[in-house]
Amino acid sequence: MILQSPWFILFAAGLLVVYYLVPGKHQWKVLLAGSVCAYFQVEGARVGFLLTTFLTTLVCGRKIEQARERGERAGGWLAACLGLNLALLLGCKGSLLLPLGISYYTLQALGYVIDVYRGTEKAEKDPGKLALFLCYFPQLIQGPVSRASQLRAPLTEPHAYDGKQVSFGLQRMLWGYFKKLVIADRVAPAVEILTRDQAGGGSFALLAVLYALRIYGDFTGGIDIVLGLSQAFGIGLPENFRQPFFSGSVAEYWRRWHMSLGAWMREYVFFPVSVSKPVRRLGKAARRRLGAFGKRLPVYIATILTWLATGLWHGLTLNFLLWGMLNCLLILIGEELAPLFRGLKGKRWYTGCSILGTWLIMDLIRVCDLFPDPRDYFRGLKSLLTGPWGQIPDLGLSSLDWGILALGCVVMTGVSLVQSRWGSVRELLWKRETLRFWILFALLLAVLLLGCYGVGYEASNFIYNQF
Amino acid sequence: MKKLRAFFCAVVILGLLQALLVPKYTGNVREGNLIREYYDNAGGNDVIFIGDCEVYENFSPITLWQEYGIPSYIRGSPQQTVWQSYYLLEETLRYETPKVVVFNVFALKYDTVESTGDQSRREAYNRITLDGMRWSGSKWGAIQASLTQEERQWGGALTYVFPILRYHDRWSELTWKDVRYLFKRETVSDCGYLMQTGVEPMTDPFPSPPLTKRTLGDNSWRYLDKMVQLCRDKGVQLVLVKSPGLYPAWWPEWDQQVADYARERELLYINMIPAQEEIGIDWSTDTYDAGLHLNVSGAEKAASWFGRILRDQCGLPDRRSDPQVCARWEEKTARYEARKGLLLEQGDS
């Protein structure tokens, strides 16, 4: 059951009706039943992986809390839980046998156990509630990665029917389907052709731009569907994007793109590493010997390890490792060079150039995803200097397709601009009932008529479903 | 009230768009209209033919009327499978109770959806048969039995309930005919018979692929059993027929199995292939596609021969003495002759 299949929509609609029909205290059970059904339908044969994570998280969480209450050390339970689940995750990624959602529920499970260990979260007594936290079905497919403090309460609290929230949620889902089906899936075959082509030069540059468009539509669209459906259930999930293509630096980009993963990595990798004893000791020594640069060394080490983990989370292949390290390198260079440009901040031309430059850099880094052999990627980068520029293969897109893509980009950029300047578009339109109705109807028609779905189309799964 | 009006407008727009986008089958694939045309002709038929192109192109109901006074209708569609035939029969028997149902057994060679070959073509054939059916339990059953794997993945039966989900991207190929036939299609058949007037003689015999499946499949037999039961329940005589044709091959092994099946259940089974000479089919003049199907001349000969069996072995009466039936069929005959004249004229020019 993929997010864009009519069955998913019917299933979600049915669940929504039941959810608001049952008494509030039982709503979470409806979500749990729905999540378990959805998981079995898609991944019944490999449910053992999720079950193992669930059981280890349940047992270790309780044991850690009991040990803490008795004033005993609980590091062993924490290490066992982290070790086993990380081994499972890495093992699956290494063997390419990736059960649905493992990358997401593993991070959530680990975050929960660490929080219990730190004492910032109570261990869950009810196995059902913990199971729901791990396998909540909309989120399981491609995130966002939520922390226990963000999700446990909203999932299990009663939610009275709120027409505005349900309406907002459905509107957001529609917007997500527009980005996924009209934009991302339209450009997907062209991206595949260009990836296979490997002619370099113009072909590589076009690939970088089109892939950026595809992954933007695909990932942000998917997240809009997930967040929209959750909003309809009355559950606020953490935002995952904040107009990432308006970023003026790579570091800023990563504060706006896949924010939930960034937040998880900051909380559970970056901070623990940077304040760990060996790194602090190293920092002190480095400060004595290297001065200001040495002072920043702990941060650099933590940044490198964080990006290593982020790269590995995406895949146990060289290209993802390279992708992580390239991001890390550019962030560190950006931080080092930042003082040089401080005087230019606020100037319009500088802001414009920064945004454009960041967008181009991120396009070129991101395309690394598509080349399992980094040598092909470097060949592509090199060809940007050497060409050829005229050898673009037939991408199978008609002029009408290009027109739809261009119009789609204009609409998405327009919405992002409005959001960054005036806030939620849905909120702005809420009072203008008639206008809102016809805008949404136009959006529905666009999805229905221009969307790439149905018989005759290759079912294009969400990219972040594969991580 | 304002909300309700806007909602109503939106539903109307969606309905119009759906009507605009569904194919009208006005070009070469006129077969897409065959199934839906039945509803204007339902009732009063003594014989109903059920099956694939071997019935809707190889038998002329007008000839049956002209020569024997037997009112009949063909519920045929391209590559109609036995499970579709069953549900079409079930539906037809709700509209009328004929004396005889003639089922062309060629479809028994397809045992499952996958065994029908190219699945995207199968989906197109499904559409041609199923989209034309009116909504009923029979249509739902036919859909469920017919879905290809890809159709199941993309919403399955839902896309039959809302065909806009299937034809959403047809906007790029719309023509003025889609507007012209938005609400009313032109009639393409004569009592379900799709007339072909061209002549393309059979020169070289088609090479037949080797027989890979000697026994007809369980699923086919299961649906044939259901057809037999349905006819028994309604008191209708079921006649099995293998329509004349040279290709694709109807193997003696299959023929024997059908003959045995018919004998065990006391059904009449007529294989018209060995009788082609007696029927008078001339493969240099009576086929429009080099021996695959008959043209109008061949279909009239086949109907003329088969009508005698219906009269003599099934005991069907001559209805030409009934003025009401006669008036209706005279009209149909006139339309048939006019169509034939027009098509022959177009062919000549």
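Can you tell which of B:Arg166, B:Arg185 is assigned to a loop (DSSP other than H, G, I, E, B) and basic (Lys, Arg)? Working first, answer last.
Details: B:Arg166 fails: assigned to a loop (DSSP other than H, G, I, E, B).
Among B:Arg166, B:Arg185, only B:Arg185 is assigned to a loop (DSSP other than H, G, I, E, B) and basic (Lys, Arg).
Only a single item in (1) of a type outside the set (Phe, Trp, Tyr); (2) without any contact (Cβ under 8 Å) to a residue 40 or more places away in the chain; (3) touching a Gly at 6+ places or on another chain (Cβ under 7 Å) is not met by A:Ser354, and it is number (2). In the range B:128-176, the qualifying residues are those that are more than 13 Å from chain A (Cβ to nearest Cβ) and aromatic (Phe, Trp, Tyr), and the one that is farthest from B:Cys53 (Cα to Cα) is B:Trp176.
Right, A:Leu174: among the aliphatic types (A, V, I, L, M), open to solvent by 10 Å² or more (accessible area, probe 1.4 Å), closer than 30 Å to A:Arg432 by Cα and in the same structural domain as A:Cys368 (by TED's automatic domain parsing) or not?
Values: among the aliphatic types (A, V, I, L, M): yes; open to solvent by 10 Å² or more (accessible area, probe 1.4 Å): yes; closer than 30 Å to A:Arg432 by Cα: yes; in the same structural domain as A:Cys368 (by TED's automatic domain parsing): yes.
So A:Leu174 passes the test.
Against the test of being part of a helix (DSSP H, G or I) and of a type in the set (Lys, Arg), the options A:Lys431, A:Lys382 yield a single qualifying residue, A:Lys382. Quick check: is even one residue across the range A:91-100 of a type outside the set (S, T, N, Q), open to solvent by 30 Å² or more (accessible area, probe 1.4 Å) and in contact with a helix residue (DSSP H, G or I) (Cβ under 7 Å, 6 or more places away or on another chain)? Checked against the condition, which is being of a type outside the set (S, T, N, Q), open to solvent by 30 Å² or more (accessible area, probe 1.4 Å) and in contact with a helix residue (DSSP H, G or I) (Cβ under 7 Å, 6 or more places away or on another chain), the range A:91-100 yields at least one hit. The residues in the range A:16-57 that are open to solvent by 20 Å² or more (accessible area, probe 1.4 Å), closer than 22 Å to A:Gln171 by Cα and in contact with a Leu (Cβ under 9 Å, 6 or more places away or on another chain) can be counted, and the count is 1. Does the range A:208-231 contain at least one residue that is in a helix (DSSP H, G or I) and open to solvent by 50 Å² or more (accessible area, probe 1.4 Å)? Yes, there is a match, as at least one residue in the range A:208-231 is in a helix (DSSP H, G or I) and open to solvent by 50 Å² or more (accessible area, probe 1.4 Å).
Evaluation of A:Leu290 against the conditions (1) open to solvent by 70 Å² or more (accessible area, probe 1.4 Å); (2) at pLDDT 90 or above shows that the sole unmet condition is (2). Residues in the range A:405-424 that are among the β-branched types (Val, Ile, Thr) and either open to solvent by 70 Å² or more (accessible area, probe 1.4 Å) or more than 26 Å from A:Ala188 (Cβ to Cβ) (or both): A:Val410, A:Val418.
Looking at the range A:397-410, can you tell me whether even one residue there is modelled with pLDDT of 90 or more and part of a loop (DSSP other than H, G, I, E, B)? Yes, there is a match, as at least one residue in the range A:397-410 is modelled with pLDDT of 90 or more and part of a loop (DSSP other than H, G, I, E, B). Each residue in the range A:205-231 was checked for being of a type outside the set (A, V, I, L, M) and within 30 Å of A:Thr386 (Cβ to Cβ), and 3 of them qualify.
Scan the range B:50-94 for residues that are assigned to a strand (DSSP E or B) and not small (Gly, Ala, Ser) and report the count. Lay out the reasoning, then the answer.
Restricting attention to the range B:50-94, the residues satisfying the condition of being assigned to a strand (DSSP E or B) are B:50-51, B:72-76.
Pick out the ones that are also not small (Gly, Ala, Ser) and you get B:50, B:73-75.
The total comes to 4.
The values are calculated or read from the model by the stated rules, or taken from the named source; none is laboratory data. Nothing here was measured: the structure is a model prediction, and the numbers come from that model. All Cβ positions, even for glycine, are placed from backbone atoms using ideal geometry, and neighbour counts span all protein chains on display. Just so you know, the surface numbers come from the protein's heavy atoms only, side chains and all, with ligands and any DNA or RNA stripped out. Shrake-Rupley method; radii C 1.70, N 1.55, O 1.52, S 1.80 Å.
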